[in-house]
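Novice: Following this message is one structure expressed as structure tokens.
The values are calculated or read from the model by the stated rules, or taken from the named source; none is laboratory data. In this text, all values refer to a predicted model and were calculated from it rather than measured experimentally. As a convention, Cβ positions derive from the backbone with ideal geometry for all residues, glycine included, and neighbour counts pool all protein chains shown. Areas reflect the complete protein model, heavy atoms only, side chains present, ligands, DNA and RNA absent. Shrake-Rupley method; radii C 1.70, N 1.55, O 1.52, S 1.80 Å.
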Amino acid sequence: MSLLVVGSVAFDAIETPFGKTDKIIGGAATFISLASSYFTKKVNLVAVVGGDFLKSDIKMLESHGVNTEGLQIKEDEKSFFWSGRYHNDMNSRDTLVTELNVLGTFDPVIPEAYQDCKYLMLGNLAPSVQKTVIQRLKNRPKLIVMDTMNFWMDIAMEELRETIAMVDVLSINDEEARMLSKEYSLVKAARKIMAMGPKFLIIKKGEHGALLFHQNEVFFAPALPLEDVFDPTGAGDTFAGGFIGYLAATDDISFDNMKRAIIHGSAMASFCVEKFGTERIVNLTQFELESRVQDFVDLVQFEITL
Ligand code: AMP
């Protein structure tokens, strides 16, 4: 089932307590596309980069089966650049630089070949651009999943609310859920946010896992306790890529299958944090992925007699 992925494709510069990178490939759509490519080979990318972007990075995406026909290259402009520094606990970070560059004027063009997509993943981008993508599709996809961040809540709350109203699943972190709903309790926050439009809400809690809300039901997926956490950048996007990639591959959007998708997303994210940027998720084997999913099953499985 074809999947359309929209979002930033970027240069990131990251500082963690364990090291520092120069400009490396990053961006929400990069992590999403790579993660989803482990589940479905019909990943269609819509994004924009500048003339400074490396051809080898585009080739790397293509080698994962990502269709880059919808990747615009603005030769005379610079790619989106983001830089962040993690605190010692690795759970929080400061954004040091956000240079929108090509993203500031991004007009998402959907190639004709992408029009029949059944699954749409709106990665982190200006909410007005995310909305334009939905409006430019001739048919509404079977499932629209959206990710966003506090940056857009600060500067574009109205457009964000409009876009949220159009999607099926919203994926945000706990801090963003509180900011959006003005509620401290995540249960109350989830109720308020689902009343804004999405039928499903995912609240990510970093190393404490993720919650999936739907009507009055809630499912919890832990994060795997890892020996080494090196760089959490892109973990949320990698999670989203694994989630929607699994749904697209199985073509089943029931709540039960979404639970399985959340576990696959969590497994992908657990790899992402083990190295800088995309380094760990570019060369995964099917065996590694399956063993990691099994680790999740083992982690939470127990027997109880009541
Ligand atoms: P995450 O760690 O999952 O929040 O994702 C980090 C990725 O999001 C980085 O690779 C950044 O390039 C990208 N990013 C950061 N800020 C923005 C923004 N305002 N718009 C789009 N992408 C962003």
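Novice: Evaluate the relative contact order of the chain (contact order divided by residue number), counting alpha-carbon pairs under 8 angstrom at least 6 apart; express in whole percent.
Specialist: Taking the mean separation of contacting Cα pairs over the length of the chain, I get 18 percent.
Novice: Moving on to the next point. Averaged per residue, what accessible surface does the range 56-168 expose to a 1.4 Å probe, in Å²?
Specialist: Heavy-atom SASA per residue in the range 56-168 reads 47 Å².
Novice: Let me ask something else about it. How are the Cα pair distances of the chain distributed, in percent, across 10 Å bins from 0?
Specialist: 6, 30, 38, 22, 3, 0, 0
Novice: How many Lys pairs in the range 128-233 lie less than 28 angstrom apart by Cα atoms, where the lysines are 8 or more positions apart or on different chains?
Specialist: 22
Novice: Near Lys42, which aspartates and glutamates are there with a Cα under 17 Å away, not counting those fewer than 8 places off in the same chain?
Specialist: Glu62, Glu69, Glu112, Asp116, Asp251, Asp252
Novice: While we're looking at this one, here's another question. Provide the net charge surrounding Val229, with neighbours chosen by a C-beta distance below 13 Å and charges set as Lys +1, Arg +1, Asp -1, Glu -1.
Specialist: -3
Novice: Kindly list the residues of the range 84-111 that lie in the label zone of Lys20, defined by a backbone N under 17 Å from the point 7 Å along the Cα-to-C-beta vector.
Specialist: 84-88, 94-97
Novice: Another question about this same structure. Could you tell me the calculated FRET efficiency between His208 and Met166, based on Cβ-Cβ distance and R0 = 51 angstrom, to the nearest 0.05?
Specialist: The formula returns an efficiency of 0.95 here.
Novice: May I pose another question? Excluding same-chain residues fewer than 8 positions from Lys275, which lysines have a Cα within less than 17 Å of its Cα?
Specialist: The qualifying lysines are Lys20, Lys23.
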